[in-house]
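Enquirer: Quick one: this structure, given as structure tokens, is what I'll be asking you about.
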Amino acid sequence: KMLRYYETKSISQKYQKYRPHYPVQLAKDALGSLREKKIDFLLDVGCGGGQSVNIFAPYFHEVLAIDPSENQLKEARSQNKFAHVTYKQGIAEKLPCDNVSVDVITSGTSAHWFDRPKFYEEADRVLKPGGRLVIFGYWSPKIVPLCVSDGDVTRLSGVGTQLLKNTFNKLIFHERHSHVRDKYNQIFGEIPLLNKRRFDNLSTDYTWSLVDAKGMIQSVDSYETYMKSKELELKELSEVKRSARLSELDPSEQFARSLKLFVIVAEKLN
Ligand SMILES: C[S@@+](CC[C@H](N)C(=O)[O-])C[C@H]1O[C@@H](n2cnc3c(N)ncnc32)[C@H](O)[C@@H]1O
């Protein structure tokens, strides 16, 4: 039975507000020489709020972005700036495209939710010869404080990192997240297309506060499930702050955050 996640309005709104945007360089590197002229057709699978579509769309004549969640699609449509992008309901296991009709398939931070053997089969069916499957995601090595007024820098920089570690490891970790922790190495291995490579050199840096950190956590689907089952406020935040004796920390205090990206590019040979 298909997994259904990211269905509610609240999770989609949090997703739109607190999830990172990808650097344009990711699209440039993944498309490489294909960018020499405009490419015909892109299919983005598990499009969410349109985060991955936004960096790839400029290189294509036409883009179809699919997701099973109507609420994610609603968020995606409301932020869409491209006339040639269509958002519609669809799933990775049954791509809404003709055989040999797609130049590039992208999937940002979503492949771990798919029934992947079915998805690979479908990708192989719809891709044109020379077409590419681009699968990517991100992980967060550490969060560094941007401005420290006084006190212990090490302890302060540990807060965000600890917060993420504790919440993900203990509270909202879903078995499918192990693929993200593994930086999609297993996924890379299992892709049946013969010509494949990965690159791990890109990262994206931005600033956030403890409020943003909390928002990011709340944008993970399993957080809502956790909340429903336990009926708890995100007490981890205050626990982390207390244990680090940082309850006096201003929630709007800015942190520098670096996300590391892992990108898989697989090509259909013939
Ligand atoms: C973590 S979000 C990624 C959104 C966006 N692509 C990004 O890069 O931020 C994962 C998305 O995958 C979608 N999803 C889950 N199962 C799916 C499936 N079987 N087929 C297609 N999309 C699926 C969810 O609805 C959700 O919007």
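All of the numbers you see were taken from the coordinates with simple rules; none came from a lab. Because the structure is a prediction, the values reported are computed rather than measured. In this analysis, Cβ positions are derived from the backbone assuming ideal geometry, glycine residues included, and neighbour counts consider all displayed protein chains.
Enquirer: What translational diffusion coefficient, to the nearest whole µm²/s, does the range 9-58 have by Stokes-Einstein, given a Kirkwood radius computed over alpha-carbon pairs, a temperature of 25 °C and 0.890 mPa s viscosity?
Expert: Estimated diffusion coefficient is 201 µm²/s.
Enquirer: What list do you get for W113, W139 if you sort them by fewest beta carbons within 10 Å?
Expert: W139, W113
Enquirer: Count neighbours as other Cβ atoms within 10 Å of each site's Cβ, and list the GluC sites (Glu not before Pro) in the range 49-93 that are DSSP loop with at most 16 such neighbours.
Expert: Sites meeting the loop and neighbour criteria: E93.
Enquirer: Then there's this: If we count other beta carbons within 10 Å of each Cβ, what is the order of K128, K183, K37, fewest first?
Expert: Fewest-to-most ranking of K128, K183, K37: K37, K128, K183.
Enquirer: Another question about this same structure. Tally Lys/Arg at +1 and Asp/Glu at -1 over every other residue whose Cβ is under 11 Å from the Cβ of K94; what's the total?
Expert: Overall, the nearby charge balance is -2.
Enquirer: Starting with the fewest neighbours, write out H112, H174, H21 ranked by other beta-carbon atoms found within 10 Å of each beta-carbon.
Expert: By the 10 Å Cβ count, ascending: H21, H174, H112.
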